[in-house]
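Okay, structure first, notes after.
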Amino acid sequence: MIQDKKTLFSGMQATGTLTLGNFAGALKNWVTLSDQYECFYCVVDLHSITVRQDPSTLRKRARDLLTLYIAAGLDPVKNCIYYQSHVSAHAELAWILNCFTYMGELNRMTQYKDKCAKHADNINAGLFTYPVLMAADILLFQSDVVPVGIDQMQHLEITRDIAQRFNGIYGEVFTIPEAYIGKSGAKIMSLQDPTKKMSKSDENPNASIYLTDDPDTVIRKCKRAVTDSGNEIVYREDKPGICNLMDIYMAMTGRSVAEVEREFDGKGYGEFKMAVGEAVVSVLRPIQERAESLRKDKAYLDSIIKENGEKAAYIANKTLRKVQRKVGFPDRIR
Ligand code: TYM
């Protein structure tokens, strides 16, 4: 018997320019997994407005991000690539799930605390309930697997808790999702401070490699990456800078720790940093070229956006209707 494929869901925020962290921790794995699952890849623009955005910049970034999903190798015919704001079921389910989530649970979210510290002038309710919207995203599609970087694990846990609580009251409504964390690249650190996550919002441009960086910039940033004063390329706790560069190299080449240590045995930091930079360039360059030519094909992108948005809405609404019936909302008159 042919088994139906399991479902995969993931998303990224359309804020800032994507970093190598977003690519290594998420996008790269999305591409690898896309043949094995029925996939939904969302541009999560509803989440983006928890931080103040300039409207025209947000619209442009959302389109660039969707383009980048395709340029990175996701086939928009086989995979459903769409904007969260085009599928109203996300917001509707989020409201219902808000009523099944405790303030105490949301208060514990470390990303909420970090964002409050960063945006002290705009601690809005959306920032607080952000993980509930993320739970709605995932649960709407009855997702089995959610490929993310390590920083999203806490949000995955609360999603599972909300789903289990809801199922405990109303029966088996939601599939309980599992996080998928890649073997390498699940937490890429800043090139300037390897104890800190590489982040789109870092003020120091040398701390992050952006997916739009040209080859010279990538090589320069790798060369300037902060490392220790030793000269051995080994994966060891007291060498966070080298570990981070090794993580990047492994994520780009698919090699293991042992293979990388062997490859650079007896070689110095300079040679290693150069090799890391070149490995990054060889992965990013074809993606940048595809993105460039896709951006020119407006009609093609528009058709993808329309068709995938409709498909996502159709599937999401099935779950939403079921949930609405379960909680006791009146049936729709046909
Ligand atoms: P976002 O937009 O911050 O990041 C997108 C993805 O990139 C991963 N990531 C990293 N991985 C490794 N190293 C890093 N330095 C690094 N920085 C970011 C993130 O873990 C993520 O997988 N809340 C989510 C978006 C979201 C979502 C969802 C994800 C909304 N709904 C449903 C999955 C399922 C976020 O802000 O990701």
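Some notes on this structure:
- Candidate set: segment 153-168, residues that are open to solvent by 10 Å² or more (accessible area, probe 1.4 Å) and touching a residue at least 12 places away in the same chain (Cβ under 8 Å); chosen: the one farthest from the chain's Cα centre (by Cα): Arg165
- Any hit, segment 135-152, residues being surrounded by fewer than 16 Cβ atoms within 10 Å (Cβ to Cβ) and modelled with pLDDT of 95 or more: yes
- For Gly241, the conditions (1) assigned to a helix (DSSP H, G or I); (2) loosely packed, with under 13 Cβ neighbours inside 10 Å; (3) among the small types (Gly, Ala, Ser) all hold with the exception of (2).
- Close contacts from segment 3-27, counting a first residue that is modelled with pLDDT under 95 and a second that is among the basic types (Lys, Arg), with Cβ to Cβ under 6 Å and a gap of 6+ residues or different chains, come to Ala14/Arg61; Gly16/Lys200.
- Selection of segment 74-101 for residues being open to solvent by 40 Å² or more (accessible area, probe 1.4 Å), in a loop (DSSP other than H, G, I, E, B) and over 26 Å from Asp161 (Cα atoms) yields Asp75, Val77, Lys78.
- Beta carbons closer than 7 Å, at least 6 apart along the sequence or on distinct chains, pair a first residue in segment 174-200 that is under 30 Å from Glu38 (Cβ atoms) and of a type outside the set (Lys, Arg) with a second that is open to solvent by less than 30 Å² (accessible area, probe 1.4 Å) and part of a loop (DSSP other than H, G, I, E, B) for Thr175/Ser143; Pro177/Ser143; Ala179/Val148; Ala186/Gly149; Ile188/Met198.
- Single residue of Phe9, Phe23 found to be within 13 Å of the ligand (Cβ to nearest atom), buried (at least 21 other Cβ atoms within 10 Å of the Cβ), in a helix (DSSP H, G or I) and under 17 Å from the mean Cα position of the chain (by Cα): Phe23
- A single entry from Leu68, Leu58, Leu33 fulfils the requirement of being assigned by TED's automatic domain parsing to the domain that holds Ile304, within 14 Å of the ligand (Cβ to nearest atom) and crowded, with 23+ Cβ neighbours inside 10 Å: Leu68.
- Pair list, Cβ under 7 Å, 6 or more apart: segment 35-48 residue more than 16 Å from Ile305 (Cα to Cα) and outside any strand (DSSP E or B), other residue open to solvent by 10 Å² or more (accessible area, probe 1.4 Å) and among the aromatic types (Phe, Trp, Tyr): His47/Tyr130
- Output for segment 44-55, where each listed residue is touching a strand residue (DSSP E or B) at 6+ places or on another chain (Cβ under 7 Å) and open to solvent by 50 Å² or more (accessible area, probe 1.4 Å): none
- Within segment 33-58, tally of residues that are β-branched (Val, Ile, Thr) and closer than 22 Å to Lys197 by Cβ: 4
- Residue pairs whose Cβ atoms lie under 8 Å apart, sitting 6 or more positions apart in sequence or on different chains, and linking a residue in segment 275-300 that is within 21 Å of Ile248 (Cα to Cα) and open to solvent by less than 100 Å² (accessible area, probe 1.4 Å) to a partner that is at pLDDT below 95 and part of a helix (DSSP H, G or I), do not occur here.
- Condition met for Tyr69 (part of a strand (DSSP E or B), modelled with pLDDT of 95 or more, among the hydroxyl-bearing types (Ser, Thr, Tyr) and in contact with a strand residue (DSSP E or B) (Cβ under 9 Å, 6 or more places away or on another chain)): no
- Cβ pairs under 9 Å, 6+ apart, first in segment 66-77 and among the polar types (S, T, N, Q), second open to solvent by 20 Å² or more (accessible area, probe 1.4 Å): Thr67/Arg290; Thr67/Leu294; Thr67/Arg295
The values are calculated or read from the model by the stated rules, or taken from the named source; none is laboratory data. If you're wondering where the values come from, they're calculated on a predicted model, not measured in any experiment. A quick note on method: Cβ atoms are made from the backbone with ideal geometry, for glycine too, and the neighbour counts reach across all protein chains shown. To get the accessible areas, we keep the full protein, side chains included, count just its heavy atoms, and leave off ligands, DNA and RNA. Shrake-Rupley method; radii C 1.70, N 1.55, O 1.52, S 1.80 Å.
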